[in-house]
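The values are calculated or read from the model by the stated rules, or taken from the named source; none is laboratory data. None of the values given here were measured: they were computed from a predicted structure. No Cβ is skipped: glycine too gets one built from the backbone with ideal geometry, and neighbour counts run over all protein chains shown.
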Amino acid sequence: MEDLIEERGRDPIRIMLVDDHPLVRDGLRARLEAVPHLRVVAEADSGPDALALAGSTHIDLVLMDITMRSGGGIDATAQLTERHPGIAVLILSMHDKIEYVTQAMQAGARGYVLKDAPGRDIVLAIDTVMAGGIYYSAALARQLVRPGAPQSEPLSTREQQVLRHIANGESNKRIALELALSVRTVETHRLNIKRKLGIEGQAELIKYAVEHATLGSAAPGA
C-alpha cells in the first residue's frame, strides 16, 4: 500500500467515464477536474467502447453506469476487470436495489455510488477505492449486511503466494522482487485478495495473512 500512496502522490488518478448520456459525462468531468489529483482522460458511451479504450489508454479507474442503450455496465465491468485487473471499476448508477449492487461486486466492481450522491461523495469513493478499500453510498450501506463478509470466490495460486509473503511482513517491492513481478502487479493482487475475502483495511489483511497463509489455507474453502 505504501507504494500505491507514493505513486498517487506523484501522478493524478486517471479516470474514464462510461455513460450513454453526454450531459451526465459533462457534469462529471467538470466536477472531477475541479479536484487537483483527479483527471478525466477518456469517455465512452457503451461497454464495448470502454473496453476498446481501456486497451489503448492509461486508465486507473472507470466510473461505470449500469444501464446503457448499447449494453449493460455489469457485463462490461466483468469483461474489463478480467482483461485489465489493474483498472478499478466504480459503479455510478441511479439503481439503488441491492441485487444490482451484488451483481456489480460479483462482476469485480470495487464500489457502488448512487448518481444522486453529493459530488464530494464521488470523490471520496474514488479515493477510497484507489487506496484499496470498498465504497458504498450511505443509502446502500444501511441496507447491506456487513459487506466484509467472506466471499466464495477462491484466491488464485499467485494471490496465495502474495498472501504468504504478506504474512511474512514483506513490502510490495520485496514481494515483487521475490516473485519477479512489477510493484503495480503486486498491488493489484493485494486489491483482488481484499476484494475476494471481503477485507477492507490493511491491518485486517495482514491479520488474515498471518492467521491463514502460513498454514496453507489462504482461500475460503481451500
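Annotations
- Residue list for region 168-182, filter: hydrophobic (A, V, I, L, M, F, W, C) and crowded, with 19+ Cβ neighbours inside 10 Å: Ile175, Ala176
- Top-ranked residue in region 47-89 [being of a type in the set (Asp, Glu) and part of a helix (DSSP H, G or I); ranked as farthest from the chain's Cα centre (by Cα)]: Asp49
- Considered as a group, the residues in region 136-146 that are crowded, with 17+ Cβ neighbours inside 10 Å and within 15 Å of Gln103 (Cα to Cα) include one that is modelled with the lowest pLDDT, and that residue is Leu140.
- All conditions but one from (1) out of contact with any Pro (no Cβ under 8 Å at 6 or more places or on another chain); (2) under 20 Å from Ala104 (Cα atoms); (3) modelled with pLDDT of 70 or more; (4) surrounded by fewer than 20 Cβ atoms within 10 Å (Cβ to Cβ) apply to Arg195; the one that does not is (4).
- Any hit, region 97-104, residues being touching a residue at least 40 places away in the same chain (Cβ under 8 Å), surrounded by fewer than 16 Cβ atoms within 10 Å (Cβ to Cβ) and either touching a strand residue (DSSP E or B) at 6+ places or on another chain (Cβ under 6 Å) or not acidic (Asp, Glu) (or both): yes
- Flag for Glu211 being part of a helix (DSSP H, G or I), surrounded by fewer than 18 Cβ atoms within 10 Å (Cβ to Cβ), more than 18 Å from the chain's Cα centre (by Cα) and modelled with pLDDT under 75: yes
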